[in-house]
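Engineer: Below is one structure. I have some questions about it.
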Amino acid sequence: MTAEDPQGASDPAEPSPPAPARAATRKSVLLRLDPAVHDSLARWAADDLRSVNAQIEMLLRRSLADAGRLPRNVRPQRRPGRPASGSEE
């Protein structure tokens, strides 16, 4: 917002802001699970040093690959555990 434009509308002559980073464009999905299934996933994820979300994504990617449906342009999933020191992730 500016004094000339209290509503915050952008000037069409101004360049648009840069596109958000890929991480910001990830899709959010609400998933309802049986509590016992969630507990099993949580234990498995902890064993693999992953979050439950990362574990579910890994399983979905594996299933898509097994079915021959994993898109070719999909980025590889980050390895489990903490990033190495000095890593950019």
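Engineer: I want to confirm something. Restricting to segment 6-41 and keeping residues that are within 19 Å of Arg78 (Cβ to Cβ) and not charged (D, E, K, R), which single residue is modelled with the lowest pLDDT? So that I can check it myself, show each step before the final result.
Structural biologist: Step one: of segment 6-41, the residues within 19 Å of Arg78 (Cβ to Cβ) are 20-29, 41.
Going one step further and asking which of them are not charged (D, E, K, R), we end up with 20-21, 23-25, 28-29, 41.
On the way: Pro20: 49, Ala21: 52, Ala23: 52, Ala24: 54, Thr25: 80, Ser28: 93, Val29: 93, Leu41: 98.
In this case the residue turns out to be Pro20.
Engineer: Next question, about the same structure. Can you pull out every residue in segment 28-50 that is of a type in the set (Asp, Glu) and outside any loop (DSSP other than H, G, I, E, B)? First the steps, then the outcome.
Structural biologist: Pass one, segment 28-50, residues of a type in the set (Asp, Glu): 34, 39, 47-48.
Of everything in segment 28-50, those that are of a type in the set (Asp, Glu) and outside any loop (DSSP other than H, G, I, E, B) turn out to be Asp39, Asp47.
Engineer: Looking only at segment 66-78, how many residues end up being under 21 Å from Ser51 (Cα atoms) and surrounded by 11 or more Cβ atoms within 10 Å (Cβ to Cβ)?
Structural biologist: Going residue by residue through segment 66-78, those that are under 21 Å from Ser51 (Cα atoms) are 74-78.
Subsequent filtering for residues that are surrounded by 11 or more Cβ atoms within 10 Å (Cβ to Cβ) retains 77-78.
Matching residues across segment 66-78 total 2.
Engineer: From the set of residues in segment 51-66 that are part of a helix (DSSP H, G or I) and among the small types (Gly, Ala, Ser), which is farthest from Asp39 (Cα to Cα)? Let's see the steps before the verdict.
Structural biologist: Kept after step one, since they are part of a helix (DSSP H, G or I), are these residues of segment 51-66: 52-66.
When the remaining residues are screened for being among the small types (Gly, Ala, Ser), the result is 54, 63, 65.
Values: Ala54: 15, Ser63: 20, Ala65: 25 Å.
That would be Ala65.
The values are calculated or read from the model by the stated rules, or taken from the named source; none is laboratory data. Keep in mind it's a predicted model, so treat the numbers as computed, not measured. Note that each Cβ is placed from the backbone with ideal geometry, even for glycine, and that neighbours are counted across all protein chains shown.
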